[in-house]
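One structure below.
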Amino acid sequence: MLATIARRSYIASSRVIGSRSLRSIFATSAESAAAGSFRQIQLQHSHKAISNMPLYQTVEKGAKNSSNYSLYFKNNCGNVISPMHDIPLFANEEKTVYNMVVEVPRWTNAKMEISLKTPMNPIKQDIKKGKLRFVANCFPHKGYIWNYGALPQTWENPDHIEPSTGCKGDNDPIDVIEIGYRVANRGDVLQVKVLGAIALIDEGETDWKIIAIDAKDPVASKVNDIADVDQYFPGLLRATVEWFKIYKIPDGKPENQFAFNGDAKNAEFATTVIAETHKFWQTLINQPNGGNTAIACQNITNTNSDNRIGKEQSAKLLDDAPEGGDVEEVADTVDTWHFIHLK
């Protein structure tokens, strides 16, 4: 009888202990699963945050509205880079998507551009006759009528006569006008689709204007060539040619001229022009030191370049860039509307 009672007590206690063990196991499993899910969510958020981080950022030096004002560029590792030499031409070469450096946001007047003479090529405001330069408002336009900028790693060679225009290059990176809906920020690096090109003849030099659209624009998937621009942006090409014709007239200069009677060339033609200017840039960046003293070629990424410098040196160039500066009062005449009569 005592043996029977002992067995029953043992069985009962085993059930209790087993039940508690199972609850403990289930609780531990649930906690582990929850912890795993939490870690997975953390990783997803981390990866999403990393993917949403911009590839490039900008750093301002000097006072705005002064000749000291400069906008320098850094990559996502925090290294100071040249927007002309270190940002790749292609954002996605397989899909023919290019990088564009925005110099002038739409509807603004300050003539900002990648500085060719300043090491690391920050964006600076152009200066004419000792004064900061602003483009005029030619009725019915306000400032620039698109986001305006340049394609990195391109150069319009001033020693090369372009066969299609009969004129030499203008010694600048190739210009881009981005026609999407968004007003960009100065220093943005946009991924763009090339749609075509127009050839401005500016004081006897070929000055290509590449027509492009932000690849993230809502209509970008529908716009693939120059003919699509008239369909989805009616009147914009005509307004673009008019803008370039007249924008210097308020400054006392003659009407600008165009190759091809001002007609825009298609995307295939434009990509051929870009490829040629990219080859010219490769020649520029790989030339021996002192080859082209008009353009600062310091960079941190081009291994075959004599002008490649260390990250510490590029950081020092930013640190040494002037602060402050004599701030110019922006005259209210910058907002004047000029009514131009073409002959």
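Roughly to the nearest percent, how much of the accessible area of the stretch 56-338 is carbon and sulfur, given a 1.4 Å probe?
47
Can you tell me the alpha carbon radius of gyration of the stretch 149-271 divided by the globular rule-of-thumb value 2.2 N^0.38 Å?
For the stretch 149-271, the normalised Cα radius of gyration is 1.05.
K117 label point, 7 Å along Cα→Cβ, cut-off 18 Å on backbone N: hits in the stretch 169-213?
170-173
Just the projected area, averaged over all directions, of the convex hull on the alpha carbon atoms of the stretch 56-338: how many nm²?
14.6
Measure off 7 Å from each Cα along the Cα-to-Cβ vector at D230 and A275, then give the distance between these two points in nanometres to one decimal.
2.7
Going down the table (K124/K245; K95/K131; K222/K279; K124/K168; K111/K193; K131/K343), which pairs top 32 Å between alpha carbons?
The answer is K95/K131.
Loop only by DSSP, 16 or fewer other Cβ within 10 Å of the Cβ. Give me the GluC sites (Glu not before Pro) in the stretch 124-228 that pass, ordered by residue number.
Filter output for the stretch 124-228: E203.
Assuming R0 = 30 Å, what is the FRET efficiency of E268 and E203, from their Cβ-Cβ distance, to the nearest 0.05?
0.60
With a cap of 12 neighbouring Cβ atoms within 10 Å, and only residues DSSP puts in a loop, list the trypsin sites (Lys or Arg not before Pro) found in the stretch 100-137.
Sites meeting the loop and neighbour criteria: K117, K129.
Per residue, how big is the convex hull of the stretch 132-214 when only Cα atoms are used? Give it in Å³.
Value for the stretch 132-214: 132 Å³ per residue.
Please give the length that would be gained between K168 and C77 if that part of the chain were fully extended, namely 0.36 nm times their separation in residues minus their C-alpha to C-alpha distance (nm, one decimal).
28.9 nm
Taking 2.2 N^0.38 Å as the expected size of a compact globular protein, what ratio does the Cα radius of gyration of the stretch 248-343 give against it, to two decimals?
Compared with the compact-globule rule of thumb, the stretch 248-343 sits at 1.69.
Tell me, what ³J(HN,Hα) does each residue in the stretch 94-100 have, in order and in whole Hz, if you take phi through Karplus 6.51 cos²θ - 1.76 cosθ + 1.60 with θ = phi - 60° and put x for Gly and Pro?
4, 9, 6, 10, 9, 8, 10
How much accessible area does W337 have with a 1.4 Å probe, in Å² rounded to the nearest 10?
It works out to around 120 Å².
The values are calculated or read from the model by the stated rules, or taken from the named source; none is laboratory data. Bear in mind that the values here come from a model prediction, so they are computed numbers and not experimental data. Backbone-built Cβ (ideal geometry, glycine too); neighbour counts: all protein chains shown. Heavy atoms of the whole protein, side chains included, go into the accessibility calculation; ligands, DNA and RNA do not. Shrake-Rupley method; radii C 1.70, N 1.55, O 1.52, S 1.80 Å.
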